[in-house]
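Working notes, beginning with the structure itself.
Just so you know, all these numbers are worked out from the coordinates, no wet-lab data involved. Predicted model, so just to flag it, every value in this text is computed and none were measured. Methodologically, a virtual Cβ is constructed for each residue, glycine included, from the backbone with ideal geometry; neighbour enumeration extends over all protein chains shown.
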Amino acid sequence: MTTISEELLASLKDNGADFFASVPCKLLGDMINLLGADDSISYIPVAREEEGLGVCAGAFLGGKTPVLVMQNTGLGTIVTSLYSLGLFYNLPITMIVSHRGSPGEKIGTQIPMGRASRPLMELMGIPTFNFSDGADVAKVGRLVSHAKAAQKPVVGLLDFDFWGKG
Amino acid sequence: MSYRRYELLKDLAPVLDGQALVICNIGFPSQELYEINDSANNFYMLGSMGLSSSIGLGLATTTDKKVVSIDGDGSVLMNLGTLSTIGNYAPSNYVLLLVDNCAYGSTGDQPTHTGGSTDLAAIARATGVAHVHECTERDTIDVLQHCLDTEGPHVIVAKVDAGSPKLKPIPMDPGYIRDRFRQAVNS
């Protein structure tokens, strides 16, 4: 039986994703381990979200289809680079973002950024979609195609419920 | 006579031209390179201060061509984690050129910490970058040529004087910069 992380990665690859950068998150831990072990993709673990956006931008310039895997807490620090790199140059970068602070969260400090995540991205004009049911995992990969059609970064917020950890 | 980044870029432009894809740093560096030698091989990063090295790193993993990220002391200090990523993951065709003028030039030459006790070359070595080169002024020409001729990844810390000529913003649409550069990568 496949895990939800395996299905998520397969869904992204089925839609053309071939370059990944990641910043750590507990919810994405299994996914990040899979990235490191997958020889069919390019993968660079980075130290911070903006750096990941830059690496993905470079991969796109080189003809790759990039995905940035990160936690929503990093949406706060990535704002300026999303505006002045991702949106300014119309870069199709798929951001797979674990949604700390969504229902099921047990750490209080995660709640404020969790609430702000979607409104913040919408304020910026970044197409943003919530996924709260693991049964929808095969649909997450369509964000890759959506980013290409929209010619801009797009965000998929993967709630606690998506991971079955609510 | 002072030897600033502008004079350095003038000396390096013939070395870069046709030999490398160039990611150029925000602000004056991009304006200077544009004025000295605009090329389809140049990507002018007009925003996102600190990410020139990261964009070049991502690009370098996609191509066999040489990739040179032109970065500065102030901007790399804003994204210092990039050096540890480069130390661990940069491919052999990657060159990071840190033009160190000990100043935040585009914002009025406020001093950076590299004019104090901070040593960028030592930081780069400590992250595991095998080939770190320190040079000043015109010596950088031969160092850059060496980096383009040999397997890397390489990090160059080139000391120059602070200061910049007064130039105009680059009159190019970002979509044009993007598409022209993407075509150059594939040509």
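Principal axes first, then extents: for the Cα atoms of chain B, list largest minus smallest coordinate on each axis, whole Å, largest first.
The Cα atoms of chain B stretch 43, 37, 28 Å along the principal axes, largest first.
Can you grab the distance from the C-alpha centre of the range A:77-120 to the C-alpha centre of the range B:1-43, Å, no decimals?
35
Have a look at the DSSP beta bridges in the protein assembly as shown and tell me what percent are antiparallel, nearest 5. Before the final figure, lay out each step's value.
Details: 2 of 51 bridges.
Counting only bridges with both partners in the protein assembly as shown, antiparallel ones make up about 5 percent.
Could you grab the Rg to Rh ratio for the range A:1-78? Cα atoms only, Kirkwood for Rh.
On the way: Rg = 12.0 Å, Rh = 12.6 Å.
Dividing the radius of gyration by the Kirkwood radius yields 0.95.
Can you check how the C-alpha radius of gyration of the protein assembly as shown compares to 2.2 N^0.38 Å, as a plain ratio? Spell out each step's value before the answer.
Details: Rg = 20.3 Å, N = 353, 2.2 N^0.38 = 20.4 Å.
Rg over 2.2 N^0.38 Å, computed on Cα atoms: 0.99.
How large is Rg/Rh for the range B:100-170, to two decimals, with Cα atoms and a Kirkwood Rh? Working shown, then result.
Values: Rg = 14.0 Å, Rh = 13.7 Å.
Using Cα coordinates only, the ratio equals 1.03.
Can you give me the P(r) profile for chain A? Cα pairs, bins 10 angstrom wide beginning at 0, each as a whole percent.
11, 45, 37, 7, 0
If the limit is 18 Å between Cα atoms, which of A:LYS64/A:LYS152; B:LYS65/B:LYS159; A:LYS13/B:LYS65; B:LYS10/B:LYS159 go over it?
On the way: A:LYS64/A:LYS152 15 Å; B:LYS65/B:LYS159 26 Å; A:LYS13/B:LYS65 26 Å; B:LYS10/B:LYS159 15 Å.
Pairs exceeding 18 Å: B:LYS65/B:LYS159; A:LYS13/B:LYS65.
When Lys and Arg each count +1 and Asp and Glu each count -1, what net charge do the other residues less than 13 Å away from B:ALA121, Cβ to Cβ, add up to? Please report the intermediate quantities before stating the final value.
Numbers: positive: B:ARG125, B:LYS159; negative: B:ASP73, B:ASP100, B:ASP119, B:GLU134.
Residues near B:ALA121 contribute -2 overall.
Long-range amide H contacts for B:LYS159: which residues qualify at under 5 Å (H placed 1.01 Å from N, peptide plane, sequence gap of 5 or more or a different chain)?
Hits under the 5 Å cutoff: B:ASP100, B:CYS135, B:THR136, B:GLU137.
Lys and Arg at +1, Asp and Glu at -1: add these up for the other residues within a Cβ distance under 11 Å of A:LEU9 and post the number. The partial results should precede the final answer.
Working: positive: A:LYS13; negative: A:GLU6, A:GLU7, A:ASP14, A:ASP30, A:ASP38.
Local net charge: -4.
Find, to one decimal place in angstroms, the Kirkwood hydrodynamic radius of the range B:53-112, where the mean of 1/r is taken over every pair of different Cα atoms and then inverted.
On the way: mean 1/r = 0.0827 Å⁻¹.
Taking the inverse mean of 1/r over all distinct Cα pairs, the range B:53-112 comes out at 12.1 Å.
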